[in-house]
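What follows draws every value from the coordinates through simple rules; no lab data is involved. Every value quoted in this text rests on a predicted model; they were computed, and no experiment measured them. Glycine also receives a Cβ, built like all others from the backbone with ideal geometry; neighbour counts cover every protein chain displayed.
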Amino acid sequence: MNQKTVRRLPIYIALILLALVSVVPFVWMLATSFKNGPDVYTQVPQLLPLDKKTGEWNPTLGNYEYVFTISGLGTAFWNSVWITCVLVPVKLLIDALAAYAFARIPFPGRDKIFVLMLAGMMVPTITLLVPRLHVTQVLGVYDSPWGIILPNVASVLDIFLMRQFFRTLPVELEEAARIDGAGRMAIFWRVILPLSKPVLAVVTITSFIFHWNDLVWPLIVLNSPDFYTLPLALQQLASTESGRAYYIMAGAALAVVPVMIVLLIFQRRIMQGIAFSGLKS
Amino acid sequence: MASPVVAQRPAETPPGPGRRRRPGVGRRDHLIGWLLIAPALVYFIIFLLYPALAALYYSFTEWDLHSAPIWVGLQNYTDLFFDDVKYPHFWKSIQVTLQYTLVAVPLTLIAALGQALLINAIRRGSNLFRLLLFLPVVTAEAAVGAIWRWLYDPQYGLVNAVLGLVGIPRQNWLNTPELVIPALAFIAAWQCGISMIIYLAGLKSIPESIREAAVIDGAGPVQRFFKVIVPMLRPTTFYLVVTGIIAALQVFGLVYVIFSGGGNRSVTGGPEQSGLAYVLHIYLYAFRYNAMGAACAMSFILLVFIMIITFVQFKFMKQEAS
């Protein structure tokens, strides 16, 4: 070992300890989720799914089966999948169109509207919840998947991020396209969007994570278990089965693992994107 | 609100040299512009502007969501502040939230800065560590709450087992009033990955020449940290403190999951209301007691608070910039 490595050894040790603090809760979640009920409650913590009495290898998928079918997390899982898959692309389109107009199409009143929208971002979510609930009732979408989709179908923050990006694109490209006879919409689809993949990726991924994870709004707008999204169903499970950690951890794994996979695939974009936009819509 | 379309006015951008403008292009641009923002604008009006204004109006009423709201003037506000029979936990929830903010924000920033410094000091493996330390950020609140309830379990929890190794006796973390805030703040610090990434960017922006100059001047690592790194990171820290405070004041999902139990949608504020975050208190009044007016009044108090903080931040940043 050379000197530099030796000097860095304490740094690596500290980082490994911190990384353990960060990761062990998830490892523990997974470990618990594969154990049979009685094997979970041991005096000395046991990582592997071993039989409490005999010490034999004794893992199970039964907890997943139970929460997926009997506790309704399966329904909730698919609800979350389809709601996110409808919501995110529609939201992306609405936000991108508005962002393009705010960035490039001058019309009277545009900047005043934009500033007003930005000011709206300051309002805390909790302030909006009661009137939004009332609005969903008036619109007839209370206690339905549309009650989740509609109040989330655009995001001022995403419009802002995309507008900032669109403004950095060279105007000359648009002008060249216009000389070639392209209209506004053709320019948007064929020039602007293909050049904006980085910001579109960031906004898509952060939106996906946010809506997949969102608990508060579904908690308020949903009432029927048939419509529960995964976080809401998990919260209910944690509440009703509070003595059965193995079920709850299996449910938590269902919510956590898809997002972890997305993070592994898009790690760089996500970390930068979230760092500079926050994980709020 | 927005001014109506003034189609007669010429387009804001004058035609560039060498580019002949087709007649009527400005007017058509206005129309396209309005069409493109229309969906977002409709959304904004229905789900942001109207709710914000409605919440202000409802805060002056007594309203149960089903019958018509009754105007009561400032009574919700005065009752909240002065009637501790009607709202026995209002001040307690403010106290809890301020305590939580006071513990969680510094703890999160220290953890984030520490992690960023360590990662910045290595080359090999820095991406891996960054990823691992970032995992808690993308985890759903519901899962975070569920996982940590299990970790903090007084009898079988991993936290007590680990602390037992260094001789700290078992604690009933989430059921002992004095331990609730530290336990929640630790979870917040566990999720410090966003601040860590922002600190890392701040560290990377410190010019190497400044560090080298400090080394040549004979500054040791400790001196370099306090005399070079901390001052250079001041804008970053300021930003993180402000956003951290705003987030901590609104803590809700986590406490909701941590302190819900015993059946359908019942939630408490923890032992002796020690975990009764301000927003949880609002939630209880709105969606359990159906006291929408009072809940809106509480949420407006929070809104004013957050606007003041944002305003102060704005002023400071302007000062810093000039």
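Summary of computed values
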item	result
Lys/Arg +1, Asp/Glu -1 at C-beta; the range A:1-60 dipole; positive extreme among A:TYR12, A:ASN58, A:VAL27	A:TYR12
Measure of compaction for the range A:75-277 (Cα Rg per 2.2 N^0.38 Å)	1.18
Under 5 Å, built H, 5+ apart or other chain: amide partners of B:GLY269	none
Cα-centre dipole for the range B:90-290 with unit charges at Cβ (Lys and Arg positive, Asp and Glu negative), debye to 20	260
DSSP H segments from chain B that extend 24 Å or more along their own axis, Cα-based, with Kyte-Doolittle mean of -1.0 or above	B:25-44, B:90-120, B:292-321
Proportion of all alpha-carbon pairs of the protein assembly as shown beyond 50 Å (%)	15
Size of charge dipole - the range B:51-185 - debye, nearest 20, with Cβ of Lys, Arg +1 and Asp, Glu -1, no other charges	880
Ranking of A:PHE188, B:PHE316 by count of other Cβ atoms within 10 Å, fewest first	B:PHE316, A:PHE188
Loop trypsin sites (Lys or Arg not before Pro), the range B:85-160 (other Cβ atoms within 10 Å of the site Cβ: 14 or fewer; DSSP)	B:LYS86, B:ARG123, B:ARG124
R0 of 45 Å, Cβ-Cβ distance A:LYS112-A:TRP57: FRET efficiency to nearest 0.05	0.10
Under-5 Å amide H pairs with B:THR61, H placed in peptide plane, nonlocal only	B:VAL72
Options B:LEU74, A:ALA233, B:ILE246, ranked by Cα towards positive dipole end of the protein assembly as shown, top entry (Cβ charges)	B:ILE246
GNM top mover of B:LEU133, B:LEU276, B:LEU35 - chain B, alpha-carbon springs below 10 Å	B:LEU35
Efficiency of FRET from Cβ geometry, A:ASP143 and B:LEU98, R₀ 41 Å, rounded to 0.05	0.70
Among B:ALA294, B:LEU53, B:ILE210 the positive-end extreme of the charge dipole of chain B (Cβ point charges)	B:ILE210
Over the range A:1-60, relative contact order from alpha-carbon pairs under 8 Å, at least 6 apart, %	24
Residue of A:GLN164, A:GLN43, A:GLN137 that the Gaussian network model of chain A assigns the largest fluctuation, springs spanning Cα pairs under 10 Å	A:GLN43
Lysines whose Cα lies under 30 Å from that of B:LYS86, excluding same-chain neighbours fewer than 8 positions away	none
Listed residues B:ILE94, B:ILE181, B:ILE168, most fluctuating in chain B (Gaussian network, C-alpha, under 10 Å)	B:ILE168
Chain B: C-alpha gyration tensor shape, a/c 1.5 cut-off, then a/b vs b/c	oblate
Simple Cβ-charge dipole of the range B:179-284, Lys/Arg +1 and Asp/Glu -1, about Cα centre, in debye nearest 20	80
Per residue, the convex hull volume that the Cα atoms of the range A:1-60 enclose (Å³)	115
